[in-house]
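Here is the structure we will look at, set down as structure tokens.
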Amino acid sequence: MIPAPRDDILAALRACLPGDALLTEQAELAPYECDGLSALARRPLAVALPKTEAEVVAVLACCRRFDVPVVARGAGTGLSGGALPHPEGVVLSLARLNRILAIDAAAGTARVEPGVRNLALSEAAAPHGLYYAPDPSSQIACTIGGNVAENSGGVHCLKYGLTLHNVVGVRGYTSDGDELVLGAGAPDGPGLDLLPIVIGSEGMLLVLVEVTVRLLPRPPLARVAMASFPDVGRACDAVAQIIAAGIVPAGLEMMDRGAAAAVEPFCGAGYDLDAAAILLVESDGTPAEVEDEIARVGAIVRAAGASAVRVSRDEAERIRLWSGRKNAFPAAGRISPDYYCMDGTIPRKHLARMLDAIAAMAGRYGLRCINVFHAGDGNLHPLILFDANAPGEWPRAEAFGAEILELCVELGGTITGEHGVGEEKLGSMCVQFSPAERGVFLAVKAAFDPAGILNPGKVIPTLHRCAEYGRMRVHRGATPFAHLERF
Amino acid sequence: MGDDLQRIIDAVREAAATGVPLAIRGGGTKDFLGERIIGTPLEIGGHAGIVDYDPSELVVTARAGTPLAELEALLASRGQMLAFEPPHFAPGGTVGGAVAAGLAGPRRASAGGVRDFVLGASIVSGGGELLRFGGRVMKNVAGYDVSRLLCGSLGVLGPIVEVSLKVLPKPALERTLEYELDAPAAVAAFNRAARQPLPVSATSWCAGRARIRLSGAPAAVESARHVLGGREVESGDAAAWWEALRHHRAPLLAARTPLWRVVVPATAPLLPLETPELVEWAGALRWCRAGEDGAAVRARARAAGGAAALWHGPAGSRMFDDLPAAALAIHRRLKASFDPAAIFNRGRLDPGL
Ligand SMILES: Cc1cc2nc3c(=O)[nH]c(=O)nc-3n(C[C@H](O)[C@H](O)[C@H](O)COP(=O)(O)OP(=O)(O)OC[C@H]3O[C@@H](n4cnc5c(N)ncnc54)[C@H](O)[C@@H]3O)c2cc1C
């Protein structure tokens, strides 16, 4: 098909949106050229900023008519290039659909538009004694629509689940303009459960216009214990022993020495900078329950070799102890011109081995790497530090990251625990999935989006892409940067 | 028992070549579930065995034919459990069957359903290829979440041959409280309890008696007992009750027709024509006898934001409701790509599939 002239498309879009809701000038497009992964950037044809569902539907119909790619966008905090524009496409921002439609305190649910910010939802639920459990560190900015599209996690998802476990229904539109209602407050509807396939589908199956989430009663008390360890191995053992003791803490997070040193000047959390690893263990519930669990956790970490344990005495101290962990990414940005955040998950038992391997890779690639991670569920966030202006550093960081992800797959894990594949990990998808499995992903995409206009080119690598990736990384370690061995 | 994968793959390839439909079968304990079964049985029971279990990972991986009872006994020996409490209905049920059936027990409202605990699964495609989705780790967003799509799929996308499940520690303490209440008052009481930070793990109402099960750390359970009041049920009786409820043991839910399984938002008011025999899941699951007019029962459930399934109906009746047109179109395209020869459990989930 011959692409429609740019002017025709823009005229059609203009006809279905108010004047301030369509951006087409280069300067206006610039803020939309990337998401949180700024290493990947390109400008779209236009950015649509609808305020109503009717406008969303009209934009979709218009794009469908001209066969123009549509990239949905929430707050643009994604870390895998999921909302990276298509050069001939329209970025469909849902940020202005930001109303909380209903909070049903009796049912413990909230119905919201996709542009509602994660934290705004918990704030609105607070007067009812309720909150929305998944709390990505970006919660002040990221949207519920983006959270659903990425199946985002947070520091409390070991006990309270991912977005998947806290969303009861969604409503959205296919590229054909069909409305689809999935879930909706009652479990076990007829047919296949399409909701889990839409959650985490990175804007490729539906454009979401409404999300119904489960709200939880706020636990009466939460306290966090901070344990310092003289080596990473012992900290990892402590994690396994806490779980083996039948405890599922509200949070179980680890930081290595480099990460603690990066965040401490920034947050003043009071981290032990002599420790090789710091473990944060949160307990919540009734005061008696918390006291009991914290005591058990304290005994376990000491027996595992913790050199010091500090327990928050009040809410202010608890928040301070978490602040460093939650601000690890911006802190990395302060100690390095740029950082590249990885997101693999591995079985917990391999954590120590993985961290050793990462340290060895850092030496080989000549780049620093600090580690913060969701230790409780084996989800790693190595932050590779680099300088985008130094020739060759970004490709080296990319290769370093890809090698980490390959090791994740080798250890029985996955290339992404919560940040999604987006455009960034297309190559790594070739490592984790066979051509037949990738074929199933393509078929799932086509089942929802036969026209193929919703966020095309993301998540599922083409055969060609995998062949390229294979050529580039002949086998692990033998990268085009072989000369780095000398570093 | 053991690795019987090649036989399954061969059977699928042959069926795909000849176009003869297959009826995928685990332990055969849920033959009543879904629409009419057609096709040559494809037995999965021989493909059994635990592949990997490390209690400190909170993950177990098992071949689909592994008996559910065997898996649960293994977990119990390490103080863990399948928190979705799959109903067994009869001895012999398999892990794969439990996932394909997608049914959860009393803990559903607090812990989640089957799909909330599935981390990964392998299936045999319509072309006889082994495909793996998800994995053995807690968090995994690489590609679409196909393993969770299989939960409740009743085999229409293909035979499940291996699953990885998240497991949880068994609660340290359980207590059950009882109240004399009519059904609407019981649902209101369950709703109120759910709004508070209490370790409620199950609720039921039957024959004028409402029961609330508390599970968790002793301190939390004890303090919740004081908040909620009521009469405490002796622990042996309580355990027997929740087991019976979970597995639909007689005399609960006797196979008299009609028996409707109505799922609605937990706070939906009880409808005038609805005379529940049993209420579970904080009010979200209601088993009803009334309503000879099936279309009306289904319409009311839909209007309340839920769905009604005819659990026991007259011969030849449909179990599940119709799918909306847009959803059905997606179902058809999914089916056609997973199972191009249309051999797997034809029509069992929906006559159109
Ligand atoms: C400092 C920082 C910390 C972070 N911490 C965490 C963390 O702890 N845990 C975690 O999981 N993630 C984290 N992230 C990643 C990111 O915040 C999440 O992925 C978040 O869910 C993205 O939301 P967003 O609104 O910014 O979505 P965007 O980045 O705008 O979009 C993300 C994807 O969602 C799609 N999308 C957005 N809205 C819709 C819609 N309405 N319909 C359909 N598709 C849609 C887009 O097409 C894209 O594919 C962090 C990011 C940063 C920058």
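Just so it is clear, none of the values below were taken in a lab; they were calculated from the coordinates. Keep in mind that what you see is a predicted model, and the values were worked out from it rather than measured. No Cβ is skipped: glycine too gets one built from the backbone with ideal geometry, and neighbour counts run over all protein chains shown.
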Peptide A:171-178, shielding by other chains (average Cβ, 10 Å cutoff): 2
Convex hull per residue volume in Å³, alpha carbons only, for the protein assembly as shown: 159
Total formal charge among the other residues, if their Cβ is under 13 angstrom from that of residue A:122, Lys/Arg +1 and Asp/Glu -1: +1
Summed side-chain charge close to residue A:107 - residues other than residue A:107 whose Cβ falls under 15 Å, Lys, Arg +1, Asp, Glu -1: +3
Cross-link pairs A:326/A:458; A:326/B:139; A:349/B:166; B:139/B:166 - those with Cα-Cα distance over 21 Å: A:326/A:458
Centre separation in Å (Cα based) which lies between the stretch A:195-261 and the stretch A:279-308: 16
For chain A, cysteines whose Cβ has no other cysteine Cβ within reach (under 4.7 Å): A:16, A:34, A:62, A:63, A:142, A:157, A:236, A:267, A:341, A:369, A:408
Rg over Rh [alpha-carbon atoms, Kirkwood Rh] for the stretch B:173-246: 0.93
Rg/Rh (Cα only; Kirkwood hydrodynamic radius) as it applies to chain A: 0.97
B:192, A:396 arranged by Cβ crowding within 10 Å, fewest neighbours leading: B:192, A:396
Relative contact order of the stretch A:85-176, defined on C-alpha pairs under 8 angstrom at six or more residues apart (%): 21
Ranked packing of A:217-224, A:416-423, most packed first, by mean Cβ within 10 Å: A:416-423, A:217-224
Relative packing of A:200-211, A:26-37, which averages over residues the other C-beta atoms within 10 Å, highest first: A:200-211, A:26-37
Proximal lysines relative to residue A:51, as straight alpha-carbon distance under 22 Å, when same-chain residues fewer than 8 apart are discounted: none
Per-residue average of Cβ from other chains inside 10 Å of B:324-332: 6
DSSP bridge orientation in the stretch B:1-139 - percent antiparallel, rounded to nearest 5: 65
